[in-house]
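Worksheet: the structure to be examined is printed underneath.
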Amino acid sequence: MRPITEAQQQAESRFVIQKVQPALLGLMDGSVSTMAPIFAAAGLTGKPLSAFFVGLAASLGAGVSMGLAEGLTDDGSVTGRGSPWSRGSITGAGTAIGGMLHTFPFLIPNLTVALHTAYIVVGLELLAIAYIRYRFMKTPLIKTIIQVIVGGAIVLAIGLYLGDAG
């Protein structure tokens, strides 16, 4: 195996900070922040389609918000984080996608089936996020799985509790 050159290391670091990190930020935010409203709406209304539209609104709204926030944080000249347009677009798209993945199951008309499908999707999303953190951010796999799963579980529990309490 050939040794990695300094130029290759710098290119990989740039890729991680300018592309992977904004995408990961978006996926994490979209996956976690939209869970509570979606699952609360499902519990409150008992209507999967209502939960779908809440999830759609939350995902797209969060995507715009996170895209703007990431794009407006700096112009990249000091931090080397790259173009604000690029980072903002990547983060916004990642946020919307992260929220929509567990929103789609609520197109299933049976609430119980929709919820169980969404639980599986949430689990897969969180494992994918943990793997991306492991692969690109060099976080130990078990540590990142625990961090992401615990955080996601807390937000999911909030959504389920409020959906049941209402």
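Data for the structure
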quantity: Sites residue 45 and residue 2 - FRET efficiency at Förster radius 45 Å, r taken between beta-carbons, to 0.05; calculated: 0.15
quantity: Charge-dipole axis of region 17-165 as Lys and Arg at +1 and Asp and Glu at -1 on Cβ define it, positive-most pick from 49, 77, 65; calculated: 77
quantity: Convex hull volume per residue in cubic angstrom - Cα atoms of region 36-151; calculated: 103
quantity: Cα-based helix-to-principal-axis angle, 6-15 vs the chain, degrees rounded to 10; calculated: 30
quantity: 0 to 90° range, to nearest 10: angle between helix 84-101 axis and the chain longest Cα axis; calculated: 30
quantity: Computed [θ] at 222 nm, helices only, for the chain once each DSSP H run of length n ≥ 4 contributes -39500 (n - 2.57); calculated: -26500 deg cm²/dmol
quantity: Nearest-0.05 FRET efficiency for residue 57 and residue 165, computed from C-beta distance (R0 22 Å); calculated: 0.55
quantity: Within region 17-165: Cβ-based charge dipole about Cα centre, in debye rounded to nearest 20 (Lys, Arg +1; Asp, Glu -1); calculated: 360
quantity: Using θ = phi - 60° and Karplus 6.51 cos²θ - 1.76 cosθ + 1.60, couplings along region 36-44 (whole Hz; Gly, Pro as x); calculated: 4, x, 5, 6, 5, 4, 4, x, 5
quantity: For region 73-108 and region 132-166, distance of Cα centres in Å; calculated: 19
quantity: Principal-axis tilt of helix 141-165 within the chain, Cα atoms, nearest 10 degrees; calculated: 30
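Every number in this text was worked out from the coordinates using simple rules, so none of it is lab data. Everything numeric here is computed off the predicted structure, so don't read it as measured data. Note that each Cβ is placed from the backbone with ideal geometry, even for glycine, and that neighbours are counted across all protein chains shown.
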